[in-house]
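Okay, so here's the structure we're looking at.
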Amino acid sequence: MTLHLRVARPTDHLAAVTRFYRDGLGFRVVGSFDDHDGFDGVMLGHPGWPYHLEFTHHRGHTVGRAPTQDHLLVLYVPDAAEWSQLVQRMVDHGYAPVLSYNPYWDQRGKTFEDPDGYRVVLQNAAWENE
């Protein structure tokens, strides 16, 4: 069985969130839609990856900011040079690192906050599935 994961959430800032994940993190737009029953959306990922992110905006509705600073998307980047380049790419696009709510993530990672207050951790480590 082959699975593909979509992580979806609403946003009040569809264009700004798209720039954050596309320009800052290097995701590609793999799909989008406008005014589908009042919803606009964009899917971001990479061809061949088993997951993508979807952000939607329901016209005329407000969803607000992230409920806490500990709502995280963690991306494990084991190669130190690749990790440094990705961190620098975020900074070059105007996204400054923030201190993580949980200091664990600051030991080997950098945390960035998207326009909705959700946070992305770039963790300089390999995922260890024990």
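None of the figures in this text is laboratory data; all of them are computed from the coordinates on show. Just so you know, these numbers come straight off a predicted model, no measurement behind them. With ideal geometry, Cβ positions are generated from the backbone for all residues, glycine too; neighbour counts draw on all protein chains shown.
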Can you tell me what share of the DSSP beta bridges in segment 72-123 is antiparallel? A percent to the nearest 5 is fine. 55 percent
For segment 83-88, Karplus couplings with θ = phi - 60° (6.51, -1.76, 1.60), whole Hz, Gly/Pro x: 4, 4, 5, 5, 4, 5
For V30, the residues 5 or more places away or on another chain with a placed amide H closer than 5 Å to its own amide H are M43, L44, G45
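Within the chain, what percent of beta bridges assigned by DSSP are antiparallel, to the nearest 5? Kindly include the intermediate steps, with their values, before the conclusion.
Values: 19 of 30 bridges.
The antiparallel fraction comes to roughly 65 percent.
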In sequence order, calculated HN-Hα J values of segment 63-78 (Karplus, 6.51, -1.76, 1.60; Hz; x Gly/Pro): 9, x, 8, 4, x, 8, 7, 9, 7, 10, 10, 9, 10, 8, 10, x
So what's the back-of-envelope 222 nm ellipticity for the chain, counting only DSSP H runs of four-plus at -39500 (n - 2.57) apiece and dividing by all residues, rounded to 500? -5000 deg cm²/dmol
Amide H of V63 versus every other amide H placed in the peptide plane: which residues, excluding those fewer than 5 positions away on the same chain, fall under 5 Å? D12
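Where a ≥ b ≥ c are the square roots of the eigenvalues of the C-alpha gyration tensor, would you call segment 72-123 rounded, which needs a/c under 1.5, or, failing that, prolate if a/b is larger than b/c, or oblate? It would help to have the intermediate numbers written out before the result.
Details: a/c = 1.82, a/b = 1.12, b/c = 1.62.
Oblate shape, in that a/c is at least 1.5 and b/c is the bigger or equal ratio.
Taking the Cβ of each residue in D116, D79, D23 as the centre, tally the other Cβ atoms inside 10 Å and list the residues starting with the fewest. Intermediate values should be presented prior to the final figure.
Values: D116 21, D79 11, D23 15.
Fewest-to-most ranking of D116, D79, D23: D79, D23, D116.
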Sorted by chain and number, the residues with a modelled amide H under 5 Å from that of G117, at a separation of 5 or more or across chains, are A66
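State to the nearest 20 debye the size of the charge dipole of segment 1-88 about its Cα centre, where the only charges are +1 on K and R beta carbons and -1 on D and E beta carbons. All intermediate terms of the calculation are to be shown ahead of the outcome.
Numbers: 7 positive and 10 negative charges, 11 e Å.
Dipole magnitude for segment 1-88 comes out near 60 debye.
Counting other beta carbons within 10 Å of each Cβ, put W127, W49, W83 in order, fewest first.
W127, W49, W83
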Counting only DSSP beta bridges with both residues in segment 1-64, tell me the antiparallel percent, nearest 5. 70 percent
Per-residue HN-Hα couplings for segment 10-16 [Karplus 6.51, -1.76, 1.60; θ = phi - 60°; Hz; x = Gly/Pro]: x, 8, 8, 10, 4, 5, 5
